[in-house]
């Protein structure tokens, strides 16, 4: 199969590869193409950048009992007393290990497959904001349907007790627009239309006095994180 000229198929396969839903021979074949196709590697890396931050906002999902019964049956644990005992004793561990990945896969699969009932996913924009070392420090998502903006710190950097982090939409012209003041590791705020408008050049986070910038026209502290919106 030659997929070099099929742009839509290349995007679909790259997204499924990142999600982990591309399996078996199809996955091995795709990995072979990756070794020979630099552009396909770039597409895959772009999907990785788009989808990985979503894990920060995925909630837990409790699998039905039938899932664990099926695992026991396939591994023949019901017939092996010693191994079955170990498995049952460790069932909480296995469940905990699978919850996050199951939730992320379920959420992102909906976004990628673009089913008719969910043509407009709740989370329509995501941004990864990097520090001066180009390391991800904050993940921001825009929920257009519910007009909500979520911010979450993913860095271990400490903020002084008398300071706050404030998120800004920086337009191509005019003053930066405050989108919310983060007082902990995570915050949820109202999403104004101007937060994701076409004139937004980038998102930036500044260190401000406790409660936010005292200047109504913009930030007063230094920029510590910045990044761009990615539309999903």
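The values are calculated or read from the model by the stated rules, or taken from the named source; none is laboratory data. Here the structure is a predicted model, which is why all the values come from computation and not from measurement. Counting neighbours? That spans all protein chains shown, and the Cβs are built from the backbone with ideal geometry, glycine included.
Observations on the model:
- Of all the residues in the range 205-220, those that are touching a strand residue (DSSP E or B) at 6+ places or on another chain (Cβ under 8 Å) and in contact (Cβ under 8 Å) with a residue 40 or more places away in the chain number 11.
- A single member of 191, 203, 182, 165 is surrounded by 13 or more Cβ atoms within 10 Å (Cβ to Cβ) and under 13 Å from residue 222 (Cα atoms), and it is 165.
- If you check 86, 33 for being in the same structural domain as residue 11 (by TED's automatic domain parsing) and either modelled with pLDDT of 60 or more or assigned to a helix (DSSP H, G or I) (or both), only one passes: 33.
- Complete set of residues in the range 143-184 that are under 17 Å from the mean Cα position of the chain (by Cα) and more than 14 Å from residue 129 (Cα to Cα): 143, 144, 148, 149
- Whether a residue is out of contact with any helix residue (DSSP H, G or I) (no Cβ under 9 Å at 6 or more places or on another chain) and touching a residue at least 40 places away in the same chain (Cβ under 8 Å) was assessed, and residue 224 passes this test.
- Residue check, residue 3 surrounded by 10 or more Cβ atoms within 10 Å (Cβ to Cβ), at pLDDT 60 or above and in a loop (DSSP other than H, G, I, E, B): yes
- Filter result for residue 198 (surrounded by fewer than 19 Cβ atoms within 10 Å (Cβ to Cβ) and either in contact with a helix residue (DSSP H, G or I) (Cβ under 8 Å, 6 or more places away or on another chain) or without any contact (Cβ under 8 Å) to a residue 24 or more places away in the chain (or both)): yes
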